[in-house]
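Engineer: To start, I am sharing the structure in question, which I have written as structure tokens.
The values are calculated or read from the model by the stated rules, or taken from the named source; none is laboratory data. Only a predicted model underlies this, so the values are computations on that prediction, with no experimental measurement involved. Because the Cβ atoms are built from the backbone with ideal geometry, glycine has one as well, and the counts that use them run over all protein chains shown.
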Amino acid sequence: MSIDTSDESLDSTLREDRIFPPPEEFSRAAYVKSLAEYEALYQRSVEDPEGFWGDVAADLHWFSRWNNVLEGEVPWVKWFAGGKLNLCYNCVDRHVHEGRGDKVAILWEGEPGDVRKLTFSDLHLEVQRFANALKSLGIRKGDCVAIYMGMTPELAVAVLACARIGAVHSVIFGGFASNAIVDRVNDAHAVAVITQDTAWRRGGEVKLKAAVDEALPHCPTVRNVVVCRRTGSPVTMQGGRDHWWHDLVKDVPAQCPAEHQDSEDPLYILYTSGTTGKPKGLVHTTGGYAVQTYLTSKLIFDLRPDDVFWCTADIGWVTGHSYVLYGALQNGVTTVMYEGAPTYPQPDRFWKMIDDHKVTIFYTAPTAIRAFMKQGDEHPMRHKLDSLRLLGTVGEPINPEAWMWYRKVIGRDRCPIVDTWWQTETGAIMLSPLPGAIPTKPGSATRPFPGIVPEVVTKEGKPVPAGQGGLLVIRKPWPSMARTIFNDPERYVKTYWSDIPGSYFTGDGARMDADGYYWLMGRVDDVINVSGHRLGTMEIESALVAHPKVAEAAVVGRPHDLKGQAISAFVTLEEGHEPSSELKEELRAWVAKEIGALARPDDMRFTDSLPKTRSGKIMRRLLRELATHGEFKGDTTTLEDFTVLAKLREQDE
Ligand code: WTA
């Protein structure tokens, strides 16, 4: 991985003195009630990690107990080796058996306003039926099943049904284009795809089944497609391959025993953007992932039996996996799912939903908060929001202004805020306040979760003193860490475990202050974070050069008020093609079609050549400076051709 510590984001750390102690009333009732209690818990967790995590694991249901809590050396560790469990069983059956069957498990609202509530008993029934439907198609333990759906209750059912029979799910975000399906399905050799006709989004329809149809001629491993009817829009069904969900579940038995999964059996693959080429399929396994999603949900969101927990993430992202589903359901709370756009049909949709459903905990992304902030306080102020008791954020650094707005206008100065830092690779939250225990500072993810040992280091791996920026690493293994990149263990080692020997390298810059609080400063590699979504600049570049008129492309991120980062593209054209604003639009639309709308470049410049070092590497740092400031400040001594810079700058003026 190329690490660019010259990036100025490392210096632009926020200096923030405000501090908010947990509200007394909140602390009194919380699981962890004071800083001293947190510190004692943390101390124990690092002195005796096996004892600590073993105790947590004992809260879950195991068919048979593990032999050792932790085995092996990083990166090849095993958690709870030899233990047998089923995560679907822990999310669903356990609550039914323990008398909570009538409680609402999934509270779903569609974009048109239709509401469905599934109790744990309903979910139990639906998941078993669908698990049997999957089996009737010949799907077995260990098979990979791709899921390409909108946010419907059936999406949750599909994920849990896979977990139940030991099929490895690979959820593909419904906002991705059909190419993304091809890459992901082929990489994981998925044998089936679960999809739906279309999904509602901002009053329009996202044609999910049509995208699957476009992808599948290029996916030789897929034998079956299951189609859930959501909107009723017409779709073409291919005989022998495509099956309606409602037909499949009609004639199957109502009972399907949960497979006894080994703790280290894979639970899912989730693709995420990296610094090179195609997205990588991170593999999460069962036992450790269950334990850490369970405990982080419980302590960070301070979950109580009557909580209504709303994590607004799409299940296509890791946050949806770990917190909409697995973490919340293991804790037996009601989890809210919403199908559509946050501001549709009115800017106050979310606030109305919070009041309608008496949401108690609300967890969303800074980019959404900034967008709400811009729309004006009148929208949330029209609503009571008095059911809320805790707020959370995830996905990117939150600027203190947005944090303060969130606290005041949504939390009414009453609710603590948990700013949670983690990654697809970490599987669960790693840095976050515990809301009853740790005083918060706007913009800081505060302290490590028990059992997590982070450090800020130099490129050489030496700890940097408090107050200085550096690279964020994790020193010790943790239960929910991704175990590998599917089919590419070498890339896993190279990407995460080679830059700083013996440690996991996060790809993020950070600073720890004198109180031991962590301040995240964004990525230090070629990953950009657009509205909380990770995109590899290489991926967008590959899409651009796949266009017949493009010779070369470089993509960088630049700061953006609402999205966190915006995408700037620099493009050189093939002989015979001239720059034009039409071509710009054509290329932007092309990227949206190749990858998905979220990857559409915000701005694009044409250039005769790109600035490169003498060894031929594109000097992204210079392009970043140009995209951000319209000028270059850094060192250009290794630049091959100085006239390139002058030309690029001219175009900007
Ligand atoms: C960024 C999302 C600052 C970070 C769970 C990380 C954050 C990447 C925060 C992972 C936060 C996530 N503060 N930055 N609270 N949370 N990030 O894999 O750069 O989609 O490396 O996982 O998002 O994104 P991913």
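Engineer: Could you list all residues from segment 376-400 that are farther than 20 Å from Pro347 by Cα and among the acidic types (Asp, Glu)?
Structural biologist: Glu396
Engineer: Is there a residue being more than 22 Å from the chain's Cα centre (by Cα) and of a type in the set (A, V, I, L, M, F, W, C) anywhere in segment 300-318?
Structural biologist: no
Engineer: Can we say Thr446 is among the polar types (S, T, N, Q), under 20 Å from Leu295 (Cα atoms) and within 16 Å of the ligand (Cβ to nearest atom)?
Structural biologist: yes
Engineer: Would segment 493-506 turn up any residue that is touching a residue at least 60 places away in the same chain (Cβ under 8 Å), away from the ligand (no atom under 11 Å from the Cβ) and under 18 Å from Thr420 (Cβ atoms)?
Structural biologist: yes
Engineer: Now a separate question. Just the residues that are touching a residue at least 40 places away in the same chain (Cβ under 8 Å) and closer than 23 Å to Leu645 by Cα, please, taken from segment 543-552.
Structural biologist: The answer is Leu544, Glu552.
Engineer: Counting residues that are within 16 Å of the ligand (Cβ to nearest atom) and under 22 Å from the mean Cα position of the chain (by Cα), which strands (runs of 3 or more DSSP E) fully inside segment 328-439 reach at least 2?
Structural biologist: Answer list for segment 328-439: 361-364, 390-394, 417-420.
Engineer: Residues of segment 520-534 being within 9 Å of the ligand (Cβ to nearest atom) and assigned to a strand (DSSP E or B), which ones?
Structural biologist: Within segment 520-534, Leu520, Met521, Gly522, Arg523, Val527, Asn529, His533, Arg534 meet the criteria.
Engineer: Please find, within segment 468-487, the residue that is surrounded by the fewest Cβ atoms within 10 Å (Cβ to Cβ) out of those that are farther than 21 Å from Ser322 by Cβ and in contact with a strand residue (DSSP E or B) (Cβ under 7 Å, 6 or more places away or on another chain).
Structural biologist: Looking at residues that are farther than 21 Å from Ser322 by Cβ and in contact with a strand residue (DSSP E or B) (Cβ under 7 Å, 6 or more places away or on another chain), I get Gln468.
Engineer: Within segment 310-331, track down each residue that is in contact (Cβ under 8 Å) with a residue 40 or more places away in the chain, surrounded by fewer than 24 Cβ atoms within 10 Å (Cβ to Cβ) and out of contact with any strand residue (DSSP E or B) (no Cβ under 8 Å at 6 or more places or on another chain).
Structural biologist: Asp314
Engineer: Shifting gears a bit: Hey, Gly470 hits all of (1) assigned to a strand (DSSP E or B); (2) touching a Ser or Thr at 6+ places or on another chain (Cβ under 6 Å); (3) within 14 Å of the ligand (Cβ to nearest atom) but one; which does it fall short on?
Structural biologist: That leaves (3) as the condition not met.
Engineer: Then there is this: Just checking, does segment 580-588 include any residue being touching a Pro at 6+ places or on another chain (Cβ under 8 Å), within 16 Å of the ligand (Cβ to nearest atom) and either farther than 23 Å from Glu625 by Cα or outside any strand (DSSP E or B) (or both)?
Structural biologist: no
Engineer: For segment 177-224, please list each of the strands (runs of 3 or more DSSP E) lying entirely inside it that holds at least 2 residues being buried (at least 18 other Cβ atoms within 10 Å of the Cβ). Quick ask: steps written out before the conclusion?
Structural biologist: On the way: elements: 192-196, 199-201, 204-206.
Where strands (runs of 3 or more DSSP E) fall fully within segment 177-224 and carry at least 2 residues being buried (at least 18 other Cβ atoms within 10 Å of the Cβ), they are 192-196, 199-201.
Engineer: Next question. Which one of the conditions (1) polar (S, T, N, Q); (2) assigned to a loop (DSSP other than H, G, I, E, B); (3) surrounded by 21 or more Cβ atoms within 10 Å (Cβ to Cβ) does Ser498 fail to meet, given that it meets all the rest?
Structural biologist: So Ser498 meets the others, but not (3).
Engineer: Hey, any hits in segment 481-494 for a residue that's more than 26 Å from Asn179 (Cβ to Cβ), under 18 Å from the mean Cα position of the chain (by Cα) and assigned to a loop (DSSP other than H, G, I, E, B)?
Structural biologist: Keep residues of segment 481-494 that are more than 26 Å from Asn179 (Cβ to Cβ), which gives 481, 483, 493.
Cutting the leftovers down to under 18 Å from the mean Cα position of the chain (by Cα) gives us 481, 483.
Within this subset, residues satisfying the condition of being assigned to a loop (DSSP other than H, G, I, E, B) are 481, 483.
Yes: segment 481-494 contains one or more residues that are more than 26 Å from Asn179 (Cβ to Cβ), under 18 Å from the mean Cα position of the chain (by Cα) and assigned to a loop (DSSP other than H, G, I, E, B).
Engineer: Among the residues of segment 211-219, are any within 22 Å of Arg129 (Cβ to Cβ) and either outside the structural domain of Arg129 (by the TED database) or without any contact (Cβ under 8 Å) to a residue 60 or more places away in the chain (or both)?
Structural biologist: no
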